[in-house]
Structures are given as structure tokens and as C-alpha cells.
Amino acid sequence: MVELRIFIPFALVIIFSATAVFAQTPAPGIPCAQKSNTSCEECLKNVTCLWCKSTKKCLDYPVRTILPPHSLCPLKDARWGMCWMDFQALIITMSVIAGLIIIATLVCCFCCCKCENIGAKKFEAKMERQVDKMKARQEERKAEMKIRHEEIRKKYGLTGANPYSRF
């Protein structure tokens, strides 16, 4: 149950991100190369386009490679999705965010497991104390009963050896 609570927010973020990406559709019939020498905003209206700031060219995003090759456009000049953030900053930002998410997940898992174990240990210690108290009370009652039986034996003169003890 704990694992499910942790991974539901991540699943929701992925689903919303995917719907945001797929909601942007490319402009029908207008290739990216025709938007060269315009503006970054105009080029990036089409999701499949990549803007190169140094050459002011609008290029088709190279989908076969994850990152655009340096021969096409240097990473510090490449823009995709947002005009104000280049690929270098995007890569650094995404890796830092991913690292923070992984660290936060590990810390949450560690803390949750540790807290659950602490609660279980407290419960077990409480139960042990109760069992010890019950045993102590039982021993006291046994001792009281023995004393009472001895007093009754003394009263009626039955302190001698029990004739049935050898059976």
C-alpha cells in the first residue's frame, strides 16, 4: 500500500505531461524549413521543429537521435519547446529534477519503512510488558495460594507426608 501511495503522483505527472505533448499537433502541410529566418516563437509553434539561434534556422527535429547533433546545431544554441531555454540548460535542469525525485523517493521509502518498524517495535514492547505483568501477577497468586494451603494444612494438622505422594 505504501508503494502505491508513492508512485501515484509520479504516474499522474507522466500522464499529464504526455497529454500536454500530444495535444500539440504539428501545423498541417508547412515544413519547418519554410519558417527559417522568422522568429523562434513562430518556428516552435510546430512541435516537430527545432530552432537554431546562431543560424536562425528552423529545422526538423532529428527524432532518430535524442539530442540534436553538433553539426546540425550546437546544444547551447538549440531551442525546442521553449525559446527561452536552450538544450544544455534543459538537460541540466531535467537531470537535477530527476535526481531530486529519485533521492526524495528513496528518502520517503526509507523513512516510511523505518517509521513502520518503529511502530511495530513499540507495539511488540508494549505487548511484552503486558505479558510480563500477567506472569508476575500469576506467580504472586500461586505464592498466595500456596501460603493459604499451608495455613489450612497447619490448622487441621495435615503437615505430615502425603500418603498419596508415591503414586
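Being under 18 Å from the mean Cα position of the chain (by Cα) and free of Cβ contacts under 8 Å to residues at least 24 places away in the same chain, is that true of even one residue in region 75-89?
no
Say whether the condition of being assigned to a loop (DSSP other than H, G, I, E, B) and either surrounded by 11 or more Cβ atoms within 10 Å (Cβ to Cβ) or touching a Ser or Thr at 6+ places or on another chain (Cβ under 7 Å) (or both) is met by at least one residue in region 77-97.
Yes, because at least one residue in region 77-97 is assigned to a loop (DSSP other than H, G, I, E, B) and either surrounded by 11 or more Cβ atoms within 10 Å (Cβ to Cβ) or touching a Ser or Thr at 6+ places or on another chain (Cβ under 7 Å) (or both).
Could you list, in sequence order, all residues of region 19-44 that are under 17 Å from MET82 (Cβ atoms), modelled with pLDDT of 85 or more and either of a type in the set (Asp, Glu) or surrounded by fewer than 14 Cβ atoms within 10 Å (Cβ to Cβ) (or both)?
Selection gives THR38, SER39, GLU41, GLU42.
Quick grid of which residues meet (1) more than 30 Å from THR159 (Cβ to Cβ); (2) surrounded by 10 or more Cβ atoms within 10 Å (Cβ to Cβ); (3) among the charged types (D, E, K, R); (4) at pLDDT 85 or above:
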{"position": "CYS108", "(1), (2), (3), (4)": "yes, yes, no, no"}
{"position": "CYS113", "(1), (2), (3), (4)": "yes, yes, no, no"}
{"position": "ILE118", "(1), (2), (3), (4)": "yes, yes, no, no"}
{"position": "PHE123", "(1), (2), (3), (4)": "yes, yes, no, no"}
{"position": "GLU128", "(1), (2), (3), (4)": "yes, yes, yes, yes"}
{"position": "LYS133", "(1), (2), (3), (4)": "yes, yes, yes, yes"}
{"position": "GLU140", "(1), (2), (3), (4)": "no, yes, yes, yes"}
{"position": "ALA143", "(1), (2), (3), (4)": "no, yes, no, yes"}
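Quick test for you: out of ILE101, ILE6, pick the one residue that is at pLDDT below 80, surrounded by 12 or more Cβ atoms within 10 Å (Cβ to Cβ) and not in a loop (DSSP other than H, G, I, E, B).
Checking each option against the conditions leaves just ILE6.
The values are calculated or read from the model by the stated rules, or taken from the named source; none is laboratory data. Please read all numbers here as calculations on a predicted model, not as lab measurements. In this analysis, Cβ positions are derived from the backbone assuming ideal geometry, glycine residues included, and neighbour counts consider all displayed protein chains.
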